[in-house]
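The next block holds one structure in the form of structure tokens; read it before the comments.
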């Protein structure tokens, strides 16, 4: 028990310093986790009682989560968060939390929401949101919720503006991920359907690319025609003359005949 | 009613000789037609009759009479129960050395003394304004009656007058009967159940008593206990819910569900399943609720439509949270059709609320007639406001309505869903603009929709709407306008055919379900069999044999 606390103190000092040595931190973390398992801290079922071990276990897990963000390791984040979730939600018996509320709780919850948003798992996003329902005014939670709203509406501009304004620096990673992977694709798709052509400068502004070269590469990736400083999007023809869907009709009529018998 | 009884009597006459038995049945039938005139005051003897019926049913290993007894209790007699009746019945039926007897008597003593407070109690429950989903089960669809605390508002005055008149005149105490040496478990649990129901109705905290009953229940494994099991678990959960301790009983309910599915006790299975879903949804554990309902398989033919209605409602709510709006809408509509029409107002109001919001989220506007549901008009007013705002596509109106009724939405747990409607408001607004203008500048769009992001935002929003297929248009960037495409004639495409097929399929499904649900009226068939005596049966058989012989002779003649 004492060894873990001391290791934890060392770890915290290293982690909070301006330029943490990530390798050392991760090694310390894994050592601590092994020791905790040996002492049976992380066993489910004992967390109803408040105790030093539970508190310590929770703190270690929180730091694991934050560590995963720093290392940009999404799978580790998900694993640790799943373990951490029980500490947050299941220790709340009949409305009062058995453990004192952790300072980092809402930061981490918000981070998880942001992760789900970035990975486009909107159904899980909303399910998680239901669990945190009572704390909507918390700035950490409000941020991903608003982001989700902006994305759904399509006011991507607001997303870009909000990206400059993260409430915690750990959010920055996920927000960038979100922008790179999802937003650009979403905007590009909308542009394809909505415009017939677009000048390069305008497109660059709309897609928020830094320079023309990356825009051209992106355009090629999406198979847009680039000519004379303008982008031409392929328009799909709507075919009103599809031909009679004969198989479908036959199946339907047979179904009717069977039912009527 | 009297005509039918007479006709039955005459049938009996025609089919048999004028034996003494038929005469006596005819007499008793005529006597029965006279009794409905004065309503008998409710007393312990009524419950005693029911207990005798249960005993008979157990001896013949038949569960139907037990369900009938339960149904009768919950629809007719529940409000008339009072302390003295219960005490008498328990004392007369339990052997004196039974442990359960003492516990039930102790529980009964917690009931309030005076009976005249019963109507006041009911009105106080109504006034508390909470919505219960009380269910009173029945197996045949013909007699479904889901009682909520709002629905019997019309019936309580009637019940009040009869109960107060019947109980204010003290019923003559029946002669003390020596309790029998032993008592059937069914009867024990039945008495325990009605005590529990009386306690809950009197808002007496009854969690320990309920737990006790459930543990008693688990000692027996008899098939005749099945209808009682379902009811008991329902009220067990209810007693915990009233004091807000639902989380404690989750493991009990889970094991009950396992047992029920293993013993193929469909009624208990679906009841407990509904209780579990209700439990999870109460604590917003949508994830677990979803997994539970996805993994369980139900034989949908053998469960009462009341429970099925509840099950669909919970399914609809879960799907709504997970963004499966069309699936949610289908479930909620089915819940509305399966629930009894005209009664169960509280349940139907709640389902209508969710259905309205989900319909808005799909993109359709709900019809005005659903807001005019009898007795629910006041509760549905906020939702009418929301629908109007969405229909107009006016964002400021929408935000104003949301702010005004925020507390109501939070209480109904629809607040989160309504937040998602913001996008729909914009969509509808855009659609209206698209239809009315062939070309409109982006700044005008921004102004009409009252977007606060400025023109650049409007451009993005329009582009996304086009991508989603909400509107058919193109954006011209240099001139900064939006030009609508011409409308395509819908009948040229295959859409009408798909729509038509959908509707036909739905009608066929309804038809098949109705045919499957048809059942002979159990009372007339049972009566016919019971009325026959041995003599009569032999007569009948002889006659049938003669007819069969004659027919075979005719056949032989034909062949020649």
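Since every read-out is calculated from the coordinates, none of them should be taken as a lab result. None of these values were measured; they are calculated from a predicted model. All Cβ positions, even for glycine, are placed from backbone atoms using ideal geometry, and neighbour counts span all protein chains on display.
Observations on the structure shown:
- Three-way shape call for segment B:285-367 based on the alpha-carbon gyration tensor, with the a/c threshold at 1.5: oblate
- Sorting A:216, B:425 from the fewest to the most surrounding beta carbons within 10 angstrom yields A:216, B:425.
- Whole-Å distance, taken between Cα centres, linking segment B:369-420 and segment B:315-332: 18
- On full extension, the segment bounded by residue B:295 and residue B:283 gains 2.3 nm, given 0.36 nm per residue less the C-alpha separation.
- Computed from the Cβ-Cβ distance with R0 of 56 Å, the FRET efficiency linking residue B:245 to residue B:49 stands at 0.95.
- Fewest neighbouring Cβ atoms within 10 Å first, the residues B:518, B:482, A:67 line up as B:518, A:67, B:482.
- Cβ crowding within 10 Å, taken as a proxy for footprinting-reagent exposure, orders A:125, A:89 from fewest neighbours to most as A:89, A:125.
- Rounded if a/c under 1.5, otherwise prolate or oblate - segment B:359-497, Cα gyration tensor axes: oblate
- Efficiency of FRET between residue A:222 and residue B:419 - r from beta-carbon atoms, R0 45 angstrom, step 0.05: 0.85
- Shape call, segment B:441-481: gyration tensor on alpha carbons, a/c limit 1.5: oblate
- With 0.36 nm allotted per residue and the present C-alpha distance subtracted, the residue A:164-residue A:182 stretch has 4.8 nm of extension available.
- Using R0 = 22 Å, the C-beta based FRET efficiency linking residue A:22 and residue A:103 works out to 0.45.
- When Rg and the Kirkwood Rh are both derived from Cα coordinates, the Rg/Rh ratio for segment B:204-277 amounts to 0.94.
- Segment residue B:396-residue B:330, length gained on full extension (0.36 nm per residue, minus Cα span): 20.7 nm
- Projected label points at residue A:251 and residue B:259, each 7 Å from Cα along the beta carbon direction, are separated by 4.6 nanometres.
- Modelled spin labels at residue A:210 and residue B:537, positioned 7 Å past Cα toward Cβ, are 9.5 nm from each other.
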